[in-house]
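**Q** Take a look at this one; I'll ask things after.
The values are calculated or read from the model by the stated rules, or taken from the named source; none is laboratory data. Not measured: the values here are computed from a predicted model. Here the Cβ is made from the backbone with ideal geometry for all residues, glycine too, and neighbour counts use every protein chain on show.
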Amino acid sequence: MSQTTKQIEEKWLAKWDAAHIFEADPNPVKQKIMVTFPFPYMNGPLHVGHAFSASRVDAYARFKRMQGYNVLWPWAWHWTGQPILGASQRIAKGDQTYTRVLREVDGVPQEELQKFVDPNYLAQYYTNEGKNAAKRIGFSVDWRREFTTVWPTFQKFIEWQYKNLKELGYVIRGTHPVVWCPKDQSPTGDHDRQSGEGITPEKYTLIKYKLDENTVLPAATFRPETIYGITNLWINPDATYVEAKVNDKENWIISQEAAEKLKDQEKTLTINRTLKGKELIGKTFENPLTRDKFPILPGWFVDTKTATGIVYSVPAHAPFDWLALKDLQQKPEIMHDFGIDPQIVLQIKPVSIIKVDGFGEHPAVEIVEQMGIKDQHDSKADQATKELYKKEFHSGKLKSNCGIYAGKSIREVKDQLVTDFTKLDIADIMYDLPEQVVCRCMTPCIVKILSDQWFLNYSNPAWKEKAKEVISQMKIYPETVRADFYAKIDWLKEWACARTTGFGTPVPWGQGWIIETLSDSTLYMAFYTINKHINQNNISPKALTPEVFDYIYHGKGDKTQITNATPGITVELLDAMRKEFLYWYPFDLRNSAKELVPNHLSFCIFHHAALFPPQHWPRGIGVNGMLMVEGQGMHKSKGNFITLKSAIDKYGADATRCGLMMGAEGMDDPDWRADNVNELKNKFEALTNFATNIVITPPQTASIEQIKNSALERWLQNKLQYRICEVTEALEELKTRTALQTALFEVWNDIRWYMQRKGNTTTAANAVALVDTVKIWIKLLTPFAPYMCEEIWSQTGETGFISTAEWPQFDEKKIDFEAEEQENLIIDILADTQNILKATKITPKQLVFYTAATWKWQIYLKILEKTKTGETRISDLMKEFSNTPELKPYLKDIAALVPKILKTATKLSTNRKTNMIKIQNINEQQIIQNALNFLKDKFDAEITVYSEDDKNRYDPKNRAPTAIPYQPAIYIQ
RNA sequence: GCGGAGGUCGCCCAGCAUGGUCAAAGGCGUAGGACUGAGGCUCCUAUCCUGCAGAGGUUCGUGGGUUCAAAUCCCACCCUCCGCACCA
């Protein structure tokens, strides 16, 4: 980063600060806009990913501010949760890899690092750094409203929020299975795992088969409907099982491992004895539903580490069961080892209970044959199982032997069946992990059912409905995300909103619980509105009673009574806070990356639906993609982590902002490419020089009245009007990429064209037009590159800030079709001539253009009009022309001309046709004549223009007759 | 598995809702030229193939279909990316 860029940034940052231009207070005569960005979590520095989402917010905020809105953009810092503590602990433990990352990636100085053993210090360090970076990047934030989520004043707000949610019945008590580390005594989230990322507990149904009156054999299954097709149980003869009293009721026989697991799943177990599986082989048991009796057979494949270690066999529908049975039936003598008559095994036949398309009586038997699976050790057996389960689940129907469920599809009865069986007390549930999960502390994890857990009841249908109402009245950028929001609202269920460890606000009614981190950041945007007063008046947390918040946010209660009860808050102050809330709320835009849609943003919607009336529901939510770095996801471990500070240091604030916003919009993931950002940095230097040169060249002394704009100036102004529209419309839709591209490149290209066209000399009209254009141009760029624009703005002699200057207005008076079409003529001539030169490879010495004869215009315009309205036939046109007396002499030529014009007409947009018809004839000869110097320069050749009507024209190849309006004939020598 | 997004001319990407204005915007890259002591600055020009006259040919994941006309509409298929919970 060049010294000057840095100086410019520091200069304007100081000026903005001194002038307090981003501090926003209620102003009844001005319309407000409140924009927000989810507060970043402070266990590390702000990075370019944060900056991407936030830059979009800032661009919108700056745009709206320039449009004259009273814009509030507040900011705060998220400290709630485990990671700050975790980071601090790792440092305390002397984790070298971790401290190295902090030094090298985060850029933390060694002397600071030592103090990070204090988590508060760590978080405060990153908060300070973060604020610095957020300011330097140029975010137009009102910092008077800043806070962190551990400030006691903020925590009072959270307490109020949860008190209300609970009273409204949105917080409930319940149980929930989690992956749990027995050593840490806490849930083990994905980030805390050594292995087993993404693994979640799976729910098994246990069917309580009866060994005898008091003893049950709980067999685990994902397919309880297959109870009707059971033929036997499988028990691993070599494994150790236990007999245990469960919940002081039944005797269960389960694997030793299962007994340990169930202790953490809300069951009490007293183990009476251990036994070998062998002991059970050959015994019979009863299906509790049908009272039928079946044998217990040896299954060496049974894994006692999975669920209960007891499996029931459904050979008609489970490939593994069929294979195991087949293997056994092929070697029935093995049964002698268990003292059992082999006949028991040989008599077993698969029982078909599911009809599924593409299969006959016994799908499992068929699929095993089809895939040529030899035995249970064949690796294809797994695949066959998955395939068949899927097929049966989606399209299978239960047969007549399935009791009251006969005829139903598996998909529709599954849940019902589980509920029914549980009621009948023939089924229970158990959770287990499909793969091993190991905690960072190297302890294997288990599933624990947390009881007495607090939940936000997002399953509540009435709440869901209300949340959807919030969505339906909201603006969503881009609109495609709306469907996603509806889907997520439906999908969300109870959310455990309290934890026992980490930073956060204690649950007001529960000892030892803390409001979980995603659950304390759902409504806080409302806190911004009043926190200015809390900060400025140093209001004590004690004064922030529920009654105070009730008054501020709900207008409830009597203000005199409330303030009498709360020293430190006067009636005026209370009123001011209430008014401030009413003025700003709701927020108009909250923008974040798409990963927050299923959680944070949806929660935010839920909580607003619960606690605020419709007039305070969010008005707009923006979503954008996830930032990639050089085509890859950004991770500290990948070594491609870019902090915001380092980006600004290297490329400057403007290039960083624009490099990010240029990357993508909508749901696409932007890609940060250092080369591109560097290119932008250069571009901005070039732009600054370019623009400065224009604005410091004083327009010649001619007075405004004397300045006569040529078509060229009118063309430029006309173009600019379109650009203003495009940028404005794109920004309104938060299409920051489109807006930036147009504002930067398109306008620049327009100006370049103009400068080329006007040639080397600069007239007063030229100078004035250019200065005007540049001023509008940099205004359009201000939301994106504010520092550069302030600097150029000041060069123009303006004394105010461009940040608060008026956004360019579309001016209909400056729309000039004629100037546009005239210029199109030149552009087309240029392109056509170049095309010919390319094809012929001629180096031109002389160029001659022949403009169309006057009579041709009548035909041209007529055809335009006809083609505008619909299909046009040549014969009809010819008929019409032959009936026009003044065209009589040219009828022969017209016959050739009409198809040609018709063809060019189809290539014109309706818009242009309309304009051309409005304009009627243009003086092509004059227009080309005016552009003669330009064309000469371009082609480095002599150029002459004749009209086709000119009898004395120089036309050695007789080209002139091919001329048509807007397409002069060309002769090249 | 469930839910969502997407596959466009070397790359990033616009266009697709309202079919013809689309060989398809813009940026990057590349090539040539200008400027310069020099340039990794900047400016101009070119950049699917063919073409000695402003044209033609073949393209928008694949295969079909609708239509006078399809990158755009319909159907099928292939592929890629993202989220899936107690965690920020």
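**Q** Conditions: (1) under 23 Å from the mean Cα position of the chain (by Cα); (2) surrounded by fewer than 18 Cβ atoms within 10 Å (Cβ to Cβ); (3) acidic (Asp, Glu). A:Asp118 meets all but one. Number of the miss?
**A** Going through (1) under 23 Å from the mean Cα position of the chain (by Cα); (2) surrounded by fewer than 18 Cβ atoms within 10 Å (Cβ to Cβ); (3) acidic (Asp, Glu) one by one, A:Asp118 breaks only (1).
**Q** List the residue pairs whose Cβ atoms are under 7 Å apart, where the first residue sits in the range A:378-406 and is farther than 16 Å from A:Gly358 by Cα, the second is basic (Lys, Arg), and the two are 6 or more positions apart or on different chains.
**A** Partner pairs satisfying both residue conditions: A:Ala406/A:Lys399.
**Q** Then there is this: Can you spot a residue in the range A:227-245 that is assigned to a loop (DSSP other than H, G, I, E, B), within 16 Å of RNA strand B (Cβ to nearest atom) and not aromatic (Phe, Trp, Tyr)?
**A** Within the range A:227-245, not a single residue is assigned to a loop (DSSP other than H, G, I, E, B), within 16 Å of RNA strand B (Cβ to nearest atom) and not aromatic (Phe, Trp, Tyr).
**Q** Just give me the residues in the range A:490-525 being away from RNA strand B (no atom under 11 Å from the Cβ) and either polar (S, T, N, Q) or under 13 Å from A:Leu601 (Cα atoms) (or both), in sequence order.
**A** Selection gives A:Thr505, A:Gln511, A:Thr522, A:Leu523, A:Tyr524, A:Met525.
**Q** Further question on the same structure: Answer yes if at least one residue in the range A:615-633 is touching a Gly at 6+ places or on another chain (Cβ under 6 Å), assigned to a strand (DSSP E or B) and more than 16 Å from RNA strand B (Cβ to nearest atom), and no otherwise.
**A** No, every residue in the range A:615-633 fails to be touching a Gly at 6+ places or on another chain (Cβ under 6 Å), assigned to a strand (DSSP E or B) and more than 16 Å from RNA strand B (Cβ to nearest atom).
Listed here are the residues, each with its yes/no results for (1) surrounded by fewer than 16 Cβ atoms within 10 Å (Cβ to Cβ); (2) at pLDDT 90 or above; (3) over 22 Å from A:Arg757 (Cβ atoms).
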residue: A:Val677; (1), (2), (3): no, no, yes
residue: A:Ala686; (1), (2), (3): yes, no, no
residue: A:Lys708; (1), (2), (3): yes, no, no
residue: A:Arg723; (1), (2), (3): no, yes, no
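**Q** From the list A:Asp949, A:Asp955, A:Asp937, pick out the single residue that is away from RNA strand B (no atom under 14 Å from the Cβ), touching a residue at least 24 places away in the same chain (Cβ under 8 Å) and among the charged types (D, E, K, R).
**A** Going through A:Asp949, A:Asp955, A:Asp937 in turn, just one is away from RNA strand B (no atom under 14 Å from the Cβ), touching a residue at least 24 places away in the same chain (Cβ under 8 Å) and among the charged types (D, E, K, R): A:Asp949.
**Q** Considering only the range A:510-532, how many residues are assigned to a loop (DSSP other than H, G, I, E, B) and at pLDDT 90 or above?
**A** 9
**Q** Only one of these is of a type in the set (S, T, N, Q), touching a residue at least 24 places away in the same chain (Cβ under 8 Å) and assigned to a helix (DSSP H, G or I): A:Asn915, A:Asn911. Name it.
**A** A:Asn915
**Q** So A:Ser459 passes all but one of these: (1) closer than 24 Å to A:Leu325 by Cβ; (2) small (Gly, Ala, Ser); (3) outside any helix (DSSP H, G or I). Which condition number does it fail?
**A** (1)
**Q** Any chance you could count how many residues in the range A:548-598 are surrounded by 15 or more Cβ atoms within 10 Å (Cβ to Cβ) and either under 19 Å from A:Met474 (Cβ atoms) or of a type in the set (S, T, N, Q) (or both)?
**A** 16
**Q** Take the conditions within 15 Å of RNA strand B (Cβ to nearest atom), over 28 Å from A:Glu733 (Cβ atoms), of a type outside the set (A, V, I, L, M, F, W, C) and more than 15 Å from the chain's Cα centre (by Cα) and apply them to A:Asp649. Does it pass?
**A** No: the conditions fail for A:Asp649.
**Q** Same structure, new question: Taking the conditions exactly as written (part of a loop (DSSP other than H, G, I, E, B) and touching a helix residue (DSSP H, G or I) at 6+ places or on another chain (Cβ under 8 Å)), does A:Phe320 satisfy them or not?
**A** Details: part of a loop (DSSP other than H, G, I, E, B): no; touching a helix residue (DSSP H, G or I) at 6+ places or on another chain (Cβ under 8 Å): yes.
Spelling it out, it is not the case that A:Phe320 is part of a loop (DSSP other than H, G, I, E, B) and touching a helix residue (DSSP H, G or I) at 6+ places or on another chain (Cβ under 8 Å).
**Q** Restricting to the range A:9-21, name every residue that is over 16 Å from A:Asn132 (Cα atoms) and either under 32 Å from the mean Cα position of the chain (by Cα) or crowded, with 16+ Cβ neighbours inside 10 Å (or both).
**A** Within the range A:9-21, A:Ile21 is the sole residue that qualifies.
**Q** Could you tell me whether A:Ser379 is modelled with pLDDT under 80 and surrounded by 15 or more Cβ atoms within 10 Å (Cβ to Cβ)?
**A** When the stated conditions are applied, A:Ser379 does not pass them.
**Q** Also, I was wondering about something else. Quick one: which residue in A:Leu887, A:Leu891, A:Leu897 is among the hydrophobic types (A, V, I, L, M, F, W, C) and touching a Lys or Arg at 6+ places or on another chain (Cβ under 9 Å)? It would help to see each step written out before you state the result.
**A** Numbers: A:Leu887 fails: touching a Lys or Arg at 6+ places or on another chain (Cβ under 9 Å); A:Leu891 fails: touching a Lys or Arg at 6+ places or on another chain (Cβ under 9 Å).
The match here is A:Leu897.
**Q** Of all residues in the range A:732-783 being assigned to a loop (DSSP other than H, G, I, E, B) and under 29 Å from the mean Cα position of the chain (by Cα), which is surrounded by the most Cβ atoms within 10 Å (Cβ to Cβ)?
**A** That would be A:Pro783.
**Q** Contact list please: Cβ distance under 7 Å, first residue in the range A:121-133 and more than 18 Å from A:Phe37 (Cα to Cα), second residue in a helix (DSSP H, G or I), pairs at least six apart or on different chains.
**A** Cβ pairs passing all conditions: A:Tyr121/A:Lys115; A:Leu122/A:Ile84; A:Leu122/A:Ala87; A:Leu122/A:Ser88; A:Leu122/A:Phe116; A:Ala123/A:Ile84; A:Tyr125/A:Glu112.
**Q** Does the range A:773-781 contain any residue that is within 16 Å of RNA strand B (Cβ to nearest atom), within 28 Å of A:Gln926 (Cα to Cα) and of a type in the set (Val, Ile, Thr)?
**A** Taking every residue of the range A:773-781 in turn, at least one turns out to be within 16 Å of RNA strand B (Cβ to nearest atom), within 28 Å of A:Gln926 (Cα to Cα) and of a type in the set (Val, Ile, Thr).
**Q** Residue by residue through the range A:230-252, note down the ones that are in contact with a helix residue (DSSP H, G or I) (Cβ under 7 Å, 6 or more places away or on another chain), among the β-branched types (Val, Ile, Thr) and either closer than 18 Å to A:Asp428 by Cβ or crowded, with 18+ Cβ neighbours inside 10 Å (or both).
**A** The answer is A:Ile235, A:Val242.
**Q** Between residues in the range A:275-299 that are farther than 17 Å from A:Leu206 by Cβ and without any contact (Cβ under 8 Å) to a residue 60 or more places away in the chain and residues that are polar (S, T, N, Q) and assigned to a loop (DSSP other than H, G, I, E, B), which pairs lie under 8 Å by C-beta distance while being six or more apart or on different chains?
**A** A:Gly277/A:Asn236; A:Lys293/A:Asn287
**Q** A:Val945 versus (1) crowded, with 19+ Cβ neighbours inside 10 Å; (2) hydrophobic (A, V, I, L, M, F, W, C); (3) over 13 Å from A:Leu847 (Cα atoms): which is the lone unmet condition?
**A** Unmet condition: (3).
**Q** What are the residues in the range A:643-657 that are outside any helix (DSSP H, G or I) and either polar (S, T, N, Q) or surrounded by fewer than 24 Cβ atoms within 10 Å (Cβ to Cβ) (or both), if any?
**A** A:Thr643
**Q** Checking A:Lys938 against (1) surrounded by 15 or more Cβ atoms within 10 Å (Cβ to Cβ); (2) of a type outside the set (Gly, Ala, Ser); (3) in a helix (DSSP H, G or I); (4) modelled with pLDDT of 85 or more, which single condition isn't satisfied?
**A** (4)
**Q** Is it true that some residue in the range A:890-901 is part of a loop (DSSP other than H, G, I, E, B) and surrounded by 14 or more Cβ atoms within 10 Å (Cβ to Cβ)? Show your work before the answer.
**A** Initially, the range A:890-901 is screened for residues part of a loop (DSSP other than H, G, I, E, B), giving none.
No; the residues of the range A:890-901 include none that is part of a loop (DSSP other than H, G, I, E, B) and surrounded by 14 or more Cβ atoms within 10 Å (Cβ to Cβ).
**Q** Now for a separate question. Take the residues of the range A:834-884 that are of a type in the set (Gly, Ala, Ser) and either under 30 Å from A:Asn933 (Cα atoms) or more than 10 Å from RNA strand B (Cβ to nearest atom) (or both): which is surrounded by the most Cβ atoms within 10 Å (Cβ to Cβ)?
**A** Step by step, filter the range A:834-884, then rank; the result is A:Ala852.
**Q** Next up: Inspect all residues belonging to the range A:153-174 and state whether any of them is in a loop (DSSP other than H, G, I, E, B), closer than 30 Å to A:Gly652 by Cβ and within 32 Å of the chain's Cα centre (by Cα).
**A** No, that holds for no residue.
**Q** If you check A:Asp675 against the conditions, is it free of Cβ contacts under 8 Å to residues at least 60 places away in the same chain, within 24 Å of the chain's Cα centre (by Cα) and within 15 Å of RNA strand B (Cβ to nearest atom)?
**A** Considered against the rule, which asks whether it is free of Cβ contacts under 8 Å to residues at least 60 places away in the same chain, within 24 Å of the chain's Cα centre (by Cα) and within 15 Å of RNA strand B (Cβ to nearest atom), A:Asp675 comes out as no.
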